[in-house]
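Structure first, commentary second.
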């Protein structure tokens, strides 16, 4: 039985609260143990990758198929996620500004690769879904408007807010960031789905908002 890093994580959650733990650490606590070939933190990393990229309707099968998982651990992870959704889920949460969105996506800030995330909103600006659109290589991700707006169209969303992390810690938008924002804004206008903001997340904490900073979309 592997208990790698468990005492440290338990101490941190007692002293600092669950909100200060990374996704990988939270999953490790839900898993409780790893195996001889898959220590708990390594297994937790694989689980977080699956949660980021897998199809929700197939998540049980995806998790149980990971080496070191099985039915019991897959069920424990999904049960923890469902409890979180029921007690403090993001769905139907009303979004009025970047500071309302940041708590929903800040756990992506410390990813080693660049994640591009889309938040679908209804006409009342209530959250319909938060999804990972793409994952880049090292510090670069490439997104296309059809990938960003595909699911919001199915959601019948009225608006979206997009976000991505900068593994480098730099919050200032690059020229590429500005260009993709312009493309997404233009595509959204054609589709009737408004782009409300674009947030950049840093592992050092905080965010950059195009709207709050007055950076034009066009």
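The values are calculated or read from the model by the stated rules, or taken from the named source; none is laboratory data. All of these numbers come straight from a predicted model, not from anything done at the bench. Using ideal geometry, Cβ is built from the backbone for each residue, glycine included, and neighbour counts are taken over all protein chains shown.
Brief remarks on what is shown
- Test: residue 131 is under 24 Å from residue 170 (Cα atoms) and without any contact (Cβ under 8 Å) to a residue 40 or more places away in the chain: yes
Conditions tested, residue by residue: (1) at pLDDT 90 or above; (2) buried (at least 17 other Cβ atoms within 10 Å of the Cβ); (3) closer than 26 Å to residue 201 by Cα.
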| position | (1), (2), (3) |
| --- | --- |
| 6 | no, yes, no |
| 16 | no, no, yes |
| 19 | no, no, yes |
| 26 | yes, yes, yes |
| 42 | yes, yes, yes |
| 57 | no, no, no |
| 73 | yes, yes, no |
| 80 | yes, no, yes |
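- Checking the range 208-218 against the condition returns a match, with at least one residue being outside the structural domain of residue 157 (by TED's automatic domain parsing) and on the phi > 0 side of the Ramachandran plot.
- Tally of residues being over 18 Å from the mean Cα position of the chain (by Cα) and within 20 Å of residue 19 (Cβ to Cβ) across the range 37-78: 1
- Failed item, numbered, when residue 17 is tested on (1) free of Cβ contacts under 8 Å to residues at least 12 places away in the same chain; (2) within 19 Å of residue 165 (Cβ to Cβ): (2)
- Hey, residue 180 free of Cβ contacts under 8 Å to residues at least 40 places away in the same chain, assigned by TED's automatic domain parsing to the domain that holds residue 199 and not in a helix (DSSP H, G or I) or not: no
- Residue in the range 131-148 that is surrounded by 15 or more Cβ atoms within 10 Å (Cβ to Cβ), farther than 11 Å from residue 199 by Cα and over 17 Å from the mean Cα position of the chain (by Cα) present: yes
- Residue within the range 167-175 that is at pLDDT 90 or above, surrounded by fewer than 19 Cβ atoms within 10 Å (Cβ to Cβ) and not in a loop (DSSP other than H, G, I, E, B) present: yes
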